[in-house]
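To keep things clear, I will list the structure first and then write my remarks on it.
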Amino acid sequence: MASALDEDTQQSLAEGRESAKVFLRSIQKDLQKVFVVFLLGFLATFWALRMYVWEFLYNVTKSNMSPAVAAEADVIATTPFEVILLQAKIGLIVGAITAIPPLVYVSRDELRARGAWPQSPVSRWKLALLGLLGVGLFSFGVAYGIYAFFPLMFSFLAGFGLEAGIEPTYSIVMWTEFIVFLSLSFGLAGQMPLLVTGLSYTGIVQYETFRDKWRHAVVLIFVFGAMFSPPDPFTQLMWAFPLTALYGFSLYLAKLVVTAQRSPDGINVLGAIRNHWNVVGGATVLGGGLVYAFYEYGGRTAVNDLLRLTGSSWRFLEPGAGLGTDPVTATTGYAVAWALAFAAVATLWAVYADLDTTSAGYQYGDPTAIDVGELDAAGVRAAPDEAFAAMDEGESLALAQAAIDDDDPEKAQAILDRFDEVSESGEGDAGDAGDASAGNADGSAAAGDAGGEGGLMGTMQNRTSRASSTFLSEFTDGDEEEAEDDIGGYYTDLKFIFDSLRSRSFRLVAVFGSVMAAVFTWLYLGGLATVRNDLESRVPAEIEGGINIITLHPVEALIFMVKFSVLVGLLAVFPVVLYYAWPALRERGFVAGRIWQVYLWTGALFGGMLGGFALGYAYIAPGLIGWLVTDARLADMVITYQVSDFLWLVIYTTIGIGFLADIPIAMVLLNKAGVPYRTFRSRWREVTIGIMLFAAVFTPADVITMFLATLPLMAAYGVGIGVLFLVTLGGRRNLSPPSKAIGR
């Protein structure tokens, strides 16, 4: 290929650059005003950080900690210019965000001329309402993170670190970025209603997609929360529940907007209240009664006692405290306010419930509003053509796959048949459509002869294979055989091997997840402190004070625990993958020998890993750490190590030794599997490059450290070549004949 971009794409990019230049020249006279706004935002942020923000964030960090933990927590600067550079960085970001609205405003005429601005005027009150809603949702998300989420999170992190012998001494940069970015994530999550509603209204993503995929959204929310919040269930629920509720509210707003868009009549709120007056009235009474009972019948006292047991400093005050009113009046006011809030929620539900009978597809006969996914097989066949004319092939495949997942192959086949029928009738004339329909009938009969579900799956596989064929042909001008050569000739082999593992994926994930969860639980319940104390006990006696280990990032210790658990999980699942993939590897010529050799591989590699680990943990790790500590103490240095650096040093000098021991063992096993001695000897350059890449990824960003990791690995590879030289008599007698895949 002469170029990765064709001529049309290059021309489009050139035109885009020219349009950007013209656009900037047209608003050049107003850019000074935009810069003034940016400068004001920058200076205001810089001043606020120096005067108020640092102290405020520091108080938030310690607000929910016990006195003993708060006394140990601290925020430090690790470089002389760290604080002022951080203030400048945050000021630049806030200034740029502040300058975006005036930049859009002064360029509205140019945007309108290019079709990127509404041609018809939009009411200012609508724009103001939309802006206020966006700002309000963003502010609510940030406030929830700062006042509710962070106090509990920092209390847990600091307490967990101290129990493991790790001092919560946070770097001001990492601490601030952690708070800022996580707060922004809550603020952006608060924009979910606007995002879902906007995508649904414009039709970029159908409302039905957001509605039908709500389970996937909830799972993603919990997974994201598990990755970026502490592992205690309470904090994860504090992350996930509000976002899940927000997603439900987003679906509600999207339903309202889409219904209003598809329906010529407005939504009748009063009519919905009349239709569900009993629910609205009952919710109103329930809301007021619950709040009144909470204050009058001991609810406030019980909750405060529970908060006191959990160590939280937050309490429910007496009614009217700080408001200047007596308790009776305040309790009545609280009850009325909550009764109105419950009434508002019940009203929203009533409107939503009536949407099922006021939607465009139900009342006004709009066939494009019909949700095909909600129909059964008979309903799909009876649905009007317009419901399928707006689909593309990907949407039809998604609906068919959803039907198969619901164990309804008849519905899936009906969706594909109706989509093909409507598509062919739209592309050709009546005669062509008749011929195509006859062809489809013949194809359906053939599929029926082959088996209903099998024929359907074959149809879907043929459809999806078009995408992969098109992908390959883009690189080879339509020649798929050339595509396999272009990517090394292993495309078919690798696909065959991965397909053999697909049916075992649940078992592989189960093994990986179980081992990872077990290791993480052990570390979390005291394993981390056990290892740290055991290694510190081997520090030479003349080193007073031992080793101070600190965490510069609030979740640094947790991140290490997750990474280490993943590493052990991968090591544990490797023999299982090898066992299930061995028949496919043997069939494609990558290995030789029967499957019993998997047990030999597992035993040999596990033995090498265990022996190297025992050697490293008993002698190498404590000896190296003791030497480093002694050297630093003799130079009158304060011995304070970052937790991630210290623990990874332990990993490299324990599990790393086991990995080095496994390299010669693996080379002998590979020779037994069909990789000849001469291949190992002639490919040392490629191996060196691969090891350097591995070291660059899994070691700190330092050239010297990378070479320090590369040299032992290459030495182990050299030892392996020496062992193979002896075992194979200089390559004259390999343990197994070379496999056919090696000669490619």
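The values are calculated or read from the model by the stated rules, or taken from the named source; none is laboratory data. Computed from a predicted model, the values in this text were never measured in an experiment. In this analysis, Cβ positions are derived from the backbone assuming ideal geometry, glycine residues included, and neighbour counts consider all displayed protein chains.
On the given criteria, is Gly607 assigned by TED's automatic domain parsing to the domain that holds Ile549, of a type outside the set (Lys, Arg), surrounded by fewer than 18 Cβ atoms within 10 Å (Cβ to Cβ) and modelled with pLDDT under 85? Steps first, answer last, please.
Numbers: assigned by TED's automatic domain parsing to the domain that holds Ile549: yes; of a type outside the set (Lys, Arg): yes; surrounded by fewer than 18 Cβ atoms within 10 Å (Cβ to Cβ): yes; modelled with pLDDT under 85: no.
So Gly607 does not fit the description; no.
Selection over the range 134-177 of residues that are closer than 23 Å to Ile547 by Cβ and either without any contact (Cβ under 8 Å) to a residue 12 or more places away in the chain or aromatic (Phe, Trp, Tyr) (or both) gives a count of 3. Screening Thr61 with (1) surrounded by fewer than 17 Cβ atoms within 10 Å (Cβ to Cβ); (2) of a type outside the set (A, V, I, L, M); (3) at pLDDT 80 or above; (4) part of a helix (DSSP H, G or I) gives one miss only, at (1).
Scoring Phe694 on the criteria (1) assigned to a loop (DSSP other than H, G, I, E, B); (2) within 30 Å of Met174 (Cβ to Cβ) leaves a single failure, condition (1). Against the condition at negative phi, without any contact (Cβ under 8 Å) to a residue 24 or more places away in the chain and surrounded by fewer than 21 Cβ atoms within 10 Å (Cβ to Cβ), how does Phe181 come out, does it pass? Yes; evaluated as a whole, the condition is true for this residue.
The residue that is surrounded by the fewest Cβ atoms within 10 Å (Cβ to Cβ), counting only those in the range 709-724 that are within 36 Å of the chain's Cα centre (by Cα) and without any contact (Cβ under 8 Å) to a residue 24 or more places away in the chain, is Leu711.
Of the residues Val643, Val629, Val555, which single one is over 37 Å from the mean Cα position of the chain (by Cα) and surrounded by 18 or more Cβ atoms within 10 Å (Cβ to Cβ)? Show your work before the answer.
Details: Val643 fails: over 37 Å from the mean Cα position of the chain (by Cα); Val555 fails: over 37 Å from the mean Cα position of the chain (by Cα).
Selected residue: Val629, the only one of Val643, Val629, Val555 that is over 37 Å from the mean Cα position of the chain (by Cα) and surrounded by 18 or more Cβ atoms within 10 Å (Cβ to Cβ).
Would you pick out the residues in the range 673-688 that are over 11 Å from Gly718 (Cβ atoms) and in contact with a helix residue (DSSP H, G or I) (Cβ under 9 Å, 6 or more places away or on another chain)? Hits for the range 673-688 are Ala673, Gly674, Val675, Pro676, Tyr677, Thr679.
Whenever a residue of the range 634-645 is assigned by TED's automatic domain parsing to the domain that holds Ala529, its partners that are in a loop (DSSP other than H, G, I, E, B), lying with C-beta atoms within less than 6 angstrom and at least six residues away or across chains, give the pairs Ile639/Ile547; Gln642/Leu552; Val643/Ile166; Val643/Thr551.
Of all residues in the range 105-125, none are at pLDDT 80 or above and either part of a helix (DSSP H, G or I) or of a type outside the set (S, T, N, Q) (or both).
Residues to consider are Ala346, Ala402; find the one that is surrounded by 16 or more Cβ atoms within 10 Å (Cβ to Cβ) and at pLDDT 80 or above.
Ala346
Identify all residues within the range 371-398 that are among the aliphatic types (A, V, I, L, M) and either more than 22 Å from Thr259 (Cβ to Cβ) or not assigned by TED's automatic domain parsing to the domain that holds Lys411 (or both); write none if there are none.
Ala377, Ala378, Val380, Ala382, Leu397, Ala398, listed by residue number.
Take residues that are among the basic types (Lys, Arg) and tell me which of the helices (runs of 4 or more DSSP H) falling wholly in the range 590-671 contain 1 or more. Walk me through it before giving the result.
Numbers: elements: 597-615, 621-634, 643-652.
Correct list: 621-634.
Taken residue by residue, the range 534-544 has no member that is within 30 Å of the chain's Cα centre (by Cα), modelled with pLDDT of 75 or more and surrounded by 13 or more Cβ atoms within 10 Å (Cβ to Cβ). Exactly one residue out of Val650, Val643, Val598, Val629 is touching a Pro at 6+ places or on another chain (Cβ under 8 Å) and farther than 30 Å from Lys495 by Cα: that is Val629.
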